[in-house]
Amino acid sequence: MDAEKRASVYRPSPQDTIIEVTDMTFSRGSRKIFDGVSLRIPKGKVTAIMGPSGTGKTTLLKLIGGQLLPDSGEIRLEGQNIPGLSRRELFVVRERMGMLFQSGALFTDMNVFDNVAFPIRVHTQLPEDMIRDIVLMKLNAVGLRGAVKLMPSELSGGMARRVALARAIALDPDIVMYDEPFTGQDPIAMGVLVNLIKRLNEALGHSSIIVSHDIQETLSIADYIYLLSDGKVIAEGTPEELRQVESEKVRQFVEGLPDGPVPFHYPAPDYVEQLMSTGETR
Ligand SMILES: Nc1ncnc2c1ncn2[C@@H]1O[C@H](COP(=O)(O)OP(=O)(O)OP(=O)(O)O)[C@@H](O)[C@H]1O
C-alpha cells in the first residue's frame, strides 16, 4: 500500500477508543488462548472479532465483561482496568454493557415484557410506570411492541433473538456485545437482525462488538475488524482492507474457505495410531 493510501486508512485512535486491550495473555490449563493481544474497540462503531473456531472470541468477550480474569495485561474501559475492579465496581461497569449471547435465552417463565424489564429492575430503582415506558420503547426499537404479552414459547427464533436484543439495550448501554447473533436464523430473520444491529448502533450511538461466523453478514455491517488466530491479532482493518489482504490465512477466513493454513481439525494425536491404541481417549 502506498504512503498516501495508508495515511487515509481508518485506525481506531486513543481519542475514539472505548475499550483498550493491551498485551493481554490468558490460558486455559496449559493452553495459551491469548498471547499478548492488543486491540482497541472504537467508540460508536461496529467492531467485529473474527477468527477460526476455538480461537478465543467468546473468551475475549468474557474477559471484556469481567467474567474471566486475564493472566496479565490490561483491559481498559475508558481508563478503568476491568480485571482490577472489585465486585461492586464491576456490577456498576456491567450496567454499561449489554450482552447478547447465543445461549443467553429468555427466561421461559416470564413474558416478553418482564424479560426486557428484568435488567432495569435489577440495576435501577425506577418506578414501574417508567419501567413500562422504557420497555415499550426498547420493544418498539426492535419492532416487537405488539408482542409484549407473549411468552417466549410463543415466539419464533428470530423474534426471541430480537426480544433478547431489546433486553440487552434496556439500560442504554455504552457497549453492546453480540456473540453469534445470527446462528440458527433463517435468511430473512438473519437479514432483519443484521439491519437491526447496524440501525440500533447508529440510532443509539453505542459501540457494538460482534463475534460471528457469518462472515459476509458481519462484514456488511462492521466498521472495523480484528482477525484473531493462534492467540494474536493477525489482521485488522475495514472490510475493504481485509478483502485486499493477500495473506493466505486472512483470505481463507474472509472467503469462508473450510480448510487452508488454518486447519479444520483441532490439534489431535495421529488418527490411525489413536484408533489402534487401547489408551484413554476420554
Ligand atoms: N470453560 C472452559 N474451560 C476450559 N476450556 C475452555 C472453556 N471455554 C472455552 N474453552 C477453550 O478455550 C478456547 C477458546 O474458546 P472460545 O469459545 O472462546 O473460542 P471461539 O473462538 O469463540 O470458538 P467458536 O468460534 O467455535 O465459538 C477453546 O479451545 C475452548 O476449548
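Structure notes:
- Reduced Cα scattering model of the chain, Debye log10 I(q)/I(0), q = 0.08, 0.11 Å⁻¹: -0.38, -0.70
- Extension gain, residue 125 back to residue 274 (0.36 nm per residue minus Cα-Cα distance, nm): 47.8 nm
- Simple label model, 7 Å out from Cα along Cβ direction - residue 154 to residue 251, nm: 5.3 nm
- D_trans [Stokes-Einstein, Kirkwood Rh over alpha-carbon pairs] for region 108-267, 4 °C, 1.567 mPa s, µm² s⁻¹: 74 µm²/s
- For region 1-130, the residue among 64, 111, 33 whose Cα projects farthest onto the positive side of the dipole built from Cβ charges is 33.
- Toward the positive end of the charge dipole of the chain, with +1 on the Cβ of Lys and Arg and -1 on the Cβ of Asp and Glu, the farthest Cα among 153, 269, 101 is that of 153.
- Point-charge dipole on Cβ atoms (K/R +1, D/E -1) for the chain, about Cα centre, debye to 20: 640 debye
- Stretch gain in nm, segment residue 72-residue 28, where the contour uses 0.36 nm per residue and the Cα spacing is subtracted: 14.5 nm
- Per-residue Karplus couplings for region 136-145, computed as 6.51 cos²θ - 1.76 cosθ + 1.60 with θ equal to phi - 60°, are listed in order as 5, 5, 5, 5, 5, 4, 9, x, 10, 4 Hz, Gly and Pro entered as x.
- Beyond 26 Å in Cα-Cα separation lie the following of the pairs 43/232; 45/232; 45/149; 57/138; 57/149; 62/198: 45/149; 57/138; 57/149.
- Estimated distance in nm for a label pair at residue 114 and residue 80, the labels positioned 7 Å out from Cα along Cα-to-Cβ: 3.1 nm
- Sequentially through region 154-168, phi angles give Karplus couplings (6.51, -1.76, 1.60; θ = phi - 60°) of 9, 9, 6, x, x, 5, 4, 5, 6, 5, 4, 5, 4, 5, 5 Hz, Gly and Pro residues having no value and appearing as x.
- Table column - 3J(HN,Hα) (Hz), region 86-99, Karplus curve with 6.51, -1.76, 1.60, x for Gly and Pro: 6, 4, 5, 5, 5, 4, 5, 4, 5, 4, 8, 10, x, 10
- In this structure, the amide hydrogen of residue 172, modeled 1.01 Å from its nitrogen in the peptide plane, lies closer than 5 angstrom to no residue at least 5 positions away or on a different chain.
- For the chain, the relative contact order comes to 23 percent (Cα pairs under 8 Å, sequence separation of at least 6).
- Qualifying chymotrypsin sites (Phe, Trp or Tyr not before Pro) in region 1-101, where qualification requires a DSSP coil assignment and no more than 16 other C-beta atoms within 10 Å, comprise 10.
- When each of 108, 22, 58 is scored by the number of other beta-carbon atoms lying within 10 Å, the sequence from fewest to most is 108, 22, 58.
Here, each number is a calculation from the coordinates, and none is a lab measurement. In this text the structure is predicted, and so the values were computed from the model without any measurement. All Cβ positions, even for glycine, are placed from backbone atoms using ideal geometry, and neighbour counts span all protein chains on display.
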